[in-house]
There are 2 protein chains.
Amino acid sequence: MSEVTELPLIGAAAARARAAARVLRTLPTDVKDGALAAMADALVERTDEVLAANALDVEAAAADGTPASVLDRLRLDAGRVSAVAGALRELVALPDPVGDVVRGSRLPNGLELRQVRVPFGVVGIVYEARPNVTVDAAGLCLKSGNAALLRGSASAYGTNAALVAVLTEAAEKAGLPPGSVELLPADRASVGELLGARGLVDVVIPRGGALLIQRVVREATVPVIETGVGNCHVYVDASADAAMAEAVVLNSKTSRVSVCNSAETLLVHRDVPFLPRLLSALADAGVTLHGDDAARAAHDAVVPATDEDWAAEYLSMDMAVRVVDDLPAALDHIERWGSGHSEAIVADSARAVAAFTAGVDAAAVLVNASTRFTDGGEFGFGAEIGISTQKLHARGPLGLPELTSTTYVVTGSGHTR
Amino acid sequence: MSEVTELPLIGAAAARARAAARVLRTLPTDVKDGALAAMADALVERTDEVLAANALDVEAAAADGTPASVLDRLRLDAGRVSAVAGALRELVALPDPVGDVVRGSRLPNGLELRQVRVPFGVVGIVYEARPNVTVDAAGLCLKSGNAALLRGSASAYGTNAALVAVLTEAAEKAGLPPGSVELLPADRASVGELLGARGLVDVVIPRGGALLIQRVVREATVPVIETGVGNCHVYVDASADAAMAEAVVLNSKTSRVSVCNSAETLLVHRDVPFLPRLLSALADAGVTLHGDDAARAAHDAVVPATDEDWAAEYLSMDMAVRVVDDLPAALDHIERWGSGHSEAIVADSARAVAAFTAGVDAAAVLVNASTRFTDGGEFGFGAEIGISTQKLHARGPLGLPELTSTTYVVTGSGHTR
């Protein structure tokens, strides 16, 4: 177990969170829901305070030469504050996973066995610029009975501190224990302390780019749920309908390029007759195409692809294109280059669909549907804290049940072995 | 992703296992079951070969001055070989978790959503002397569609190699791909390679003592499922029946002292009138008692306890004893010293049972039942590869479903967002 004294930056906050977690795990749903509603009300009432803190962060970031796209993610306005308050209210409406009986039985010897959902305890979230994550993460953690240790970026520290002050004051008035939500210092070393705080922190979830996630995986001794990197493919089979292929590929690539469930590589069976038309549609939509020789032969707009293109999570209006000899070759490409997020096939052949579904090793396989559907909201799970691309614990959208563990409760009447 | 060239000791085996995993994930249950039955038959037929290799291992270990208890765990005989073959046949009878639909629904937009169990891929198992784990682990991994990378101890290497030769020959004749079961070299460095083989190895499960598990957690960048350390408590409430308390405490402590689900500490409410009798029963059964002042006042046989006793996983006929002021004090003690394995309460008060069940954070909570019941076989799950004491993925006995991940399969008809 980590000792608080070894953790100068986060130890006191983690110890408060640990103590809060022991109370939170026993709270009934209505107390948690009352606190979430009070937090939402407080955010709306105290919007001016939050915006004043945010204006200072934005000003400082602008003075540092921060790019406009990052400034936009950092900037709050009354509409954005109202939207995050609305997200807290939506959590009230979702079922509380804590106490759910996952399975249960009476054993032959009369023992009663129940596997019951329980909170993790203390959940650490490491994230980048967007201050809305502060509110979303706090809400998801509290609804699932966990204390939240939040480590946001330095550029948003003032905003995050204002948000957490509003949230914790409202939460404590509504009966949640102190320490339920703690904002950690934005020093670089605080991430390292969080990742090593075994015994104090039950799980860390990084939300951010590939570099952050790599650092977390390399350094963490605390269990981690990886989220976010999506090098997603759409495979167009020889049996695909031309119009359906065009619709699914365009939507997967262009509907929102900056998110992890957007497609980055198009794989096309060599017998697909409409490849030139498909590439024209992408080029007309403003997509820069990076292709192999066969793709370049099919359309003038295609520039040469290298291994870096197969590996790239572009998050931009770029797409790699490769023509494959058959479906197994598409599976080989995905096995070699995919990040295990979302892989789509467009096909009319049931045999092709079955082979693709069985052969792809990813959080989601989409059949005749856009990769963009891999999303907690789209799946009907309500809010999500990210999309897990690891195989342990939870794979795919992380909703409230995925923020819990389980305990076996075994009830006897003096049973011995 | 790890490159095979960076892993001189395990790279080739891991690459073979990776290739095998792509085939194993698609195999129907009857092929896997046929292979398990063939492996069981081959073990029985080729018992002499296995015993000859084992005799050399035992001889070498004895010459090295290995203690008798370790030699006993290393030694095989025809009965033990027959028993592990029987365990493989029991796996045939268990349901195949792969392909199970965990949840499914039709979304409002017509998309069909199914969450389906899939194998992890490549599972690494690191274990100590007992060669039977070689067979058990291979069988559990194959039944759940995973390739197994086995890293046993150096002292059992010859035995393990003979076992794996028998198993793989039978498995391949029955249609499993080469690489399905690989024995890794027993060099110390092979564990480090295994723990760092991200992208080649999907999960590592250490089976062994606290030192092994600590090393694995510290070094691993591959996801880990922790097993095994059990500092289990029995709390006797003021409302407990004397005879029931005596039966549960004695069974929890003395029925098998060397296993992780045996109890190590007895916590007794200060108002329990039968403490002297309970301590006498333990002392009469041969248990050495290490107690606080109140326990020492209750019985002459109690020697003084230190913090080391509260922390100890004795795995011997020793037990720590502490008298607590109330149930919250028992929960505080368990929170401070417990390993999150199994915690028992003996009580007649429903309020006490509810408070204990809600307040304990462990894989299993046992109410009026021995800690020894935390076991895959006792829970009716069939075989287990260990008992997880972590909160991510699986907590408690690890059976076949716990050796799988899931994939969301989303089927549309050209759906776009």
- Task: Considering (1) at the interface with chain B (Cβ under 7 Å from one of its Cβ atoms); (2) surrounded by fewer than 24 Cβ atoms within 10 Å (Cβ to Cβ); (3) touching a strand residue (DSSP E or B) at 6+ places or on another chain (Cβ under 6 Å), say which one A:LEU398 fails and leave the rest.
- Result: (1)
- Restricting segment B:44-59 to residues that are of a type in the set (Gly, Ala, Ser) and loosely packed, with under 15 Cβ neighbours inside 10 Å, the residue that is nearest to the chain's Cα centre (by Cα): B:ALA55
- Message: So for segment A:244-252 (the condition being under 19 Å from the mean Cα position of the chain (by Cα) and of a type outside the set (A, V, I, L, M, F, W, C)), does at least one residue qualify?
- Response: yes
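Yes or no, residue by residue, for (1) among the aromatic types (Phe, Trp, Tyr); (2) surrounded by fewer than 22 Cβ atoms within 10 Å (Cβ to Cβ); (3) closer than 20 Å to A:ARG106 by Cα:
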residue: B:HIS299; (1), (2), (3): no, yes, no
residue: B:VAL303; (1), (2), (3): no, yes, no
residue: B:ALA354; (1), (2), (3): no, yes, yes
residue: B:ALA369; (1), (2), (3): no, no, yes
residue: B:ILE387; (1), (2), (3): no, no, no
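If a residue must be in a loop (DSSP other than H, G, I, E, B) and of a type in the set (A, V, I, L, M, F, W, C), how many such residues does segment A:366-382 contain?
2
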- Message: Cβ-Cβ under 6 Å, sequence separation 6+ or interchain: first residue in segment A:404-417 and more than 7 Å from chain B (Cβ to nearest Cβ), partner hydroxyl-bearing (Ser, Thr, Tyr) and buried (at least 20 other Cβ atoms within 10 Å of the Cβ). Which pairs?
- Response: A:THR404/A:SER144
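Could you list, in sequence order, all residues of segment A:25-76 that are outside any helix (DSSP H, G or I) and either free of Cβ contacts under 8 Å to residues at least 60 places away in the same chain or away from chain B (no Cβ under 14 Å) (or both)?
Across segment A:25-76, the qualifying residues are A:THR26, A:PRO28, A:ARG46, A:ASP64, A:GLY65, A:THR66, A:PRO67, A:ARG75, A:LEU76.
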- Only one of (1) modelled with pLDDT of 95 or more; (2) over 24 Å from A:ALA53 (Cα atoms) is not met by A:LEU183, so which one is it? (2)
- Query: Given (1) touching a Gly at 6+ places or on another chain (Cβ under 8 Å); (2) free of Cβ contacts under 8 Å to residues at least 60 places away in the same chain; (3) within 14 Å of chain B (Cβ to nearest Cβ), where does A:LEU88 come up short, assuming only one miss?
  - Reply: (3)
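Among the candidates B:ASP309, B:ASP325, B:ASP318, single out the residue that is out of contact with any helix residue (DSSP H, G or I) (no Cβ under 9 Å at 6 or more places or on another chain) and surrounded by fewer than 22 Cβ atoms within 10 Å (Cβ to Cβ).
B:ASP325
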- Message: Being within 11 Å of another protein chain (Cβ to nearest Cβ) and either of a type in the set (Asp, Glu) or farther than 26 Å from A:ASP307 by Cα (or both) narrows it down to one residue among A:ALA362, A:ALA354; which is it?
- Response: A:ALA354
- Only unsatisfied item for A:THR26, checking (1) β-branched (Val, Ile, Thr); (2) in contact with an Asp or Glu (Cβ under 7 Å, 6 or more places away or on another chain); (3) surrounded by fewer than 19 Cβ atoms within 10 Å (Cβ to Cβ), is (2)
- All conditions in (1) surrounded by 23 or more Cβ atoms within 10 Å (Cβ to Cβ); (2) touching a residue at least 40 places away in the same chain (Cβ under 8 Å) are true of B:ALA362 except (2)
- Note on the structure: Taking segment A:102-150 and keeping only residues that are within 17 Å of the chain's Cα centre (by Cα), small (Gly, Ala, Ser) and within 14 Å of chain B (Cβ to nearest Cβ), one is left with A:GLY124, A:SER144
- Message: Being in a helix (DSSP H, G or I), small (Gly, Ala, Ser), surrounded by fewer than 18 Cβ atoms within 10 Å (Cβ to Cβ) and on the phi < 0 side of the Ramachandran plot is true for just one of B:GLY104, B:GLY86. Which residue is that?
- Response: B:GLY86
- Query: From the list B:GLY175, B:GLY230, B:GLY192, which residue is at negative phi and surrounded by fewer than 22 Cβ atoms within 10 Å (Cβ to Cβ)?
  - Reply: B:GLY192
- Note on the structure: Checked segment A:198-222 for anything touching a strand residue (DSSP E or B) at 6+ places or on another chain (Cβ under 7 Å) and in a strand (DSSP E or B); matches are A:VAL201, A:VAL203, A:VAL204, A:ILE205, A:PRO206, A:ARG207
- Message: Let me confirm something: among A:VAL234, A:VAL259, A:VAL229, A:VAL216, which residue is within 14 Å of another protein chain (Cβ to nearest Cβ), touching a residue at least 24 places away in the same chain (Cβ under 8 Å), in contact with a Cys (Cβ under 8 Å, 6 or more places away or on another chain) and not polar (S, T, N, Q)?
- Response: A:VAL229
- Message: When you scan segment B:10-23, do you find a residue that is modelled with pLDDT under 95, touching a strand residue (DSSP E or B) at 6+ places or on another chain (Cβ under 9 Å) and of a type outside the set (D, E, K, R), even just one?
- Response: no
- Any idea which of A:GLY139, A:GLY79, A:GLY152, A:GLY124 is without any contact (Cβ under 8 Å) to a residue 12 or more places away in the chain and at negative phi? A:GLY79
- What is the residue count in segment A:178-213 for residues that are within 12 Å of another protein chain (Cβ to nearest Cβ) and closer than 18 Å to A:ILE385 by Cα? 6
- Message: Quick check on segment A:349-365. Is at least one of its residues in a strand (DSSP E or B), in contact with a His (Cβ under 6 Å, 6 or more places away or on another chain) and either closer than 23 Å to A:VAL92 by Cβ or not basic (Lys, Arg) (or both)?
- Response: no
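Would it be correct to say that A:ALA154 is more than 14 Å from chain B (Cβ to nearest Cβ), small (Gly, Ala, Ser) and surrounded by fewer than 24 Cβ atoms within 10 Å (Cβ to Cβ)?
It is true that A:ALA154 is more than 14 Å from chain B (Cβ to nearest Cβ), small (Gly, Ala, Ser) and surrounded by fewer than 24 Cβ atoms within 10 Å (Cβ to Cβ).
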- Item | Pairs, first within 22 Å of B:ARG256 (Cβ to Cβ) in segment B:318-343, second in a strand (DSSP E or B) and at pLDDT below 95, C-beta under 7 Å, six or more apart | B:HIS341/B:ILE387
- Collect the residues in segment B:367-386 that are out of contact with any Ser or Thr (no Cβ under 6 Å at 6 or more places or on another chain), within 8 Å of another protein chain (Cβ to nearest Cβ) and in contact (Cβ under 8 Å) with a residue 24 or more places away in the chain, keeping them in residue-number order. B:ALA369, B:PHE373
- Message: So, in segment B:240-256, how many residues would count as being surrounded by fewer than 17 Cβ atoms within 10 Å (Cβ to Cβ) and either in contact (Cβ under 8 Å) with a residue 40 or more places away in the chain or under 14 Å from B:PHE356 (Cβ atoms) (or both)?
- Response: 2
- Any chance segment A:330-348 includes a residue that's more than 15 Å from B:VAL409 (Cβ to Cβ), of a type in the set (Phe, Trp, Tyr) and within 14 Å of another protein chain (Cβ to nearest Cβ)? yes
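The values are calculated or read from the model by the stated rules, or taken from the named source; none is laboratory data. This structure is a prediction, so every number in the text was calculated from the model and none was measured. Methodologically, a virtual Cβ is constructed for each residue, glycine included, from the backbone with ideal geometry; neighbour enumeration extends over all protein chains shown.
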